[in-house]
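The values are calculated or read from the model by the stated rules, or taken from the named source; none is laboratory data. Keep in mind the model is a prediction, meaning the values are calculated, not measured. Please note: Cβ atoms are built from the backbone with ideal geometry, for glycine as well, and neighbour counts cover all protein chains shown.
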Amino acid sequence: MRIVDGVSRSLNEFLLHPNLTGENCTPENIDLSAPLVRHRADGQSPVRVALPLVSAIMEAVSSPEMAIALAQAGGLSFIHQNQPVAREADDVRTVKQHKAGFRHSDLNVKPSATLGEVSELLRGAGQDVAVVTSDGTGDGVFLGLIRKDDFFLGRHPADLPVSERMRPAADLVTAGPSISLQDANTLLWDQRLDVLPVVREDGRLAALVLRRDYLLHKRFASESVDGEKRFLVGAGINTRDYEDRVPALVAAGADLLCTDSSDGYSVWQERTLKFIAARYPEVHCGAGNVIDGRGFRFLAAAGAAFVKVGIGGGSICTTRAQKGIGRGQATALIDVIRERDAYARETGWYVPVCCDGGVATEKEMSVALALGADFIMLGRVFAGTRESPSRKVTIDGKVFKEYWGEGSRRAQNAARYGQGEEDLAFPEGVDGLVPYTGSLHDNLPVTIAKIKATMVSCGATTLRAFHETAVLEPVSDATASQNGAQVMMRDRVAAAAAS
Ligand code: MZP
């Protein structure tokens, strides 16, 4: 038995000190780009992202829609592995079918669908327009578009077929399959279009080019794309069926894999990584989760492309209460990062570290990055957005989205938990709700602005500089209790009115 000195601390127990802010240290000069996979310590990572945020390997979080939306903003998603191999590979393929700017149509109806049905579809997806195709799929013969304002259910019967109110293909501007993105965008603006359908010679829909995507590109500038401008996407694997899952995911085009496990310090992870290294030496596979330097070194030596840190801190997690396993996330990161840097000095290989679980605010993101995390995996934060795959639920007028842990009874993700059973013997997670926060693309600019503002105060224009120069200090409970505003908004309004 060994007792570790000190107590373990969470990210929330730290505050940053400002460093001198230089003249060029302004938000527009801050580079948040981060390495995702191992690289020579004096070189560059072969896979980098402009935004150091990735979505959790969870059914309630990472769908193809989330993966596309996050890649558009410069981050990356990991499709979850608690599903049949073929379905996970299909999800990866769906993401890889998107060339940046050219979108596979996923809101489609047949001409015989009713206005009631299309209204429901548009409302559920939070979109204004659906595509009408011969068979109601994104590859069917393109017949037209139906917009929210093409009908009004108070005036048009809900059982009227879409064909009665749609704008037929013949009246619409469309493009041929060889059009370049630049020409497609010119057409969008010249013709004042929101949607440009790209149609094959045989009349089938090939893709959509959206004004919204153009604006997003301008807003976020650096999408996560491969050499052929297809979005980058990661995929989770497990240590049980990797011999079947890995080949299918590689064939589907996954750019990055990651073992999905609540406890990554195991020979099963090593075995999985060695299998991949032998069969697919060009494939990058991250591993985890670990909470100390020993776990990091074990996985780094086994060939992990990156190492994920965090046990028990996830917002849906009950592992600490059920098994007594875990560690405060800040202390876990400090220990692992010390080992990452020692490993880089000794071997010449830098293995990026991902902070995973329990990060709910930008303050925690900034502290994690300052402590040395290369990138951050988020579950709860992304689960609340429109792009997450889970259902919206309204309770007492407040809107939520469902969010459940992979260790919950609902997920039954036995491969993630070493309980030795086909089904979980006991749950290690809960099934709950998180507040609905709207579009990922509306939330991320604020998140980015806050992280950049912290880095400006700390005088760092790159994450590497932030790691090297950040000054952090644990805070007392009394200090922590003063972290938020002490005056309620209503009091301020009343005070202003009285003055
Ligand atoms: P959070 O961002 O919601 O706080 O945490 C998400 C992380 O919690 C995931 O990336 C994963 O590592 C972990 N997780 C997922 N399911 C469970 C569970 O059911 C869990 N216990 O801990």
Point to revise | Pair list, Cβ under 8 Å, 6 or more apart: the range 458-469 residue on the phi > 0 side of the Ramachandran plot, other residue of a type in the set (S, T, Y) and not in a loop (DSSP other than H, G, I, E, B) | key: G459/T469
Revision key, fill the gap. Counted residues in the range 337-386 being part of a loop (DSSP other than H, G, I, E, B), more than 20 Å from the chain's Cα centre (by Cα) and buried (at least 23 other Cβ atoms within 10 Å of the Cβ) come to 1
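Anything in the range 2-45 that is outside any loop (DSSP other than H, G, I, E, B) and over 14 Å from E473 (Cα atoms)? List them, or say none.
Applying the first criterion (outside any loop (DSSP other than H, G, I, E, B)) to the range 2-45 yields 11-17, 27-29, 31, 34-35, 39-40.
The answer is P27, E28, N29, D31, A34, P35, H39, R40.
Going by the conditions given, is S439 at pLDDT 95 or above and among the small types (G, A, S)?
Values: at pLDDT 95 or above: no; among the small types (G, A, S): yes.
So S439 does not fit the description; no.
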Practice item. Any residue in the range 275-288 that's in a helix (DSSP H, G or I): show its pairings with residues that are more than 16 Å from the ligand (Cβ to nearest atom) and aromatic (F, W, Y) at Cβ separation under 7 Å, as long as the two are six or more apart or on different chains. Key: F275/Y242
**Study point:** V109 vs. criteria hydrophobic (A, V, I, L, M, F, W, C), touching a Gly at 6+ places or on another chain (Cβ under 8 Å) and more than 30 Å from G405 (Cα to Cα)
**Key:** yes
Practice item. Evaluate the following for D241: is it closer than 23 Å to E406 by Cα, among the acidic types (D, E) and buried (at least 18 other Cβ atoms within 10 Å of the Cβ)? Key: no
Practice item. For the range 387-414, enumerate the residues that are aliphatic (A, V, I, L, M), part of a strand (DSSP E or B) and farther than 18 Å from G126 by Cα. Key: I395
Check your understanding: Considering only the range 400-437, how many residues are loosely packed, with under 14 Cβ neighbours inside 10 Å, of a type outside the set (D, E) and more than 15 Å from the ligand (Cβ to nearest atom)?
Key -> 1
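Matching residues to (1) within 14 Å of the ligand (Cβ to nearest atom); (2) on the phi < 0 side of the Ramachandran plot; (3) modelled with pLDDT of 95 or more; (4) in contact with a Leu (Cβ under 7 Å, 6 or more places away or on another chain):
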| residue | (1), (2), (3), (4) |
| --- | --- |
| C285 | no, yes, yes, yes |
| G303 | no, no, yes, yes |
| G314 | yes, yes, yes, no |
| Y350 | no, yes, yes, no |
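Going through the range 316-334 one residue at a time, which ones are within 12 Å of the ligand (Cβ to nearest atom) and either more than 20 Å from M58 (Cα to Cα) or part of a loop (DSSP other than H, G, I, E, B) (or both)?
Pass one, the range 316-334, residues within 12 Å of the ligand (Cβ to nearest atom): 316-323, 325-326, 329.
Those that are within 12 Å of the ligand (Cβ to nearest atom) and either more than 20 Å from M58 (Cα to Cα) or part of a loop (DSSP other than H, G, I, E, B) (or both): I316, T318, A321, Q322, K323, I325, G326.
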Practice item. Note down all Cβ pairs under 7 Å where the first residue falls in the range 305-323 and is more than 19 Å from C258 (Cα to Cα), the second is within 8 Å of the ligand (Cβ to nearest atom) and in a helix (DSSP H, G or I), and they're at least six residues apart or on different chains. Key: S315/R380
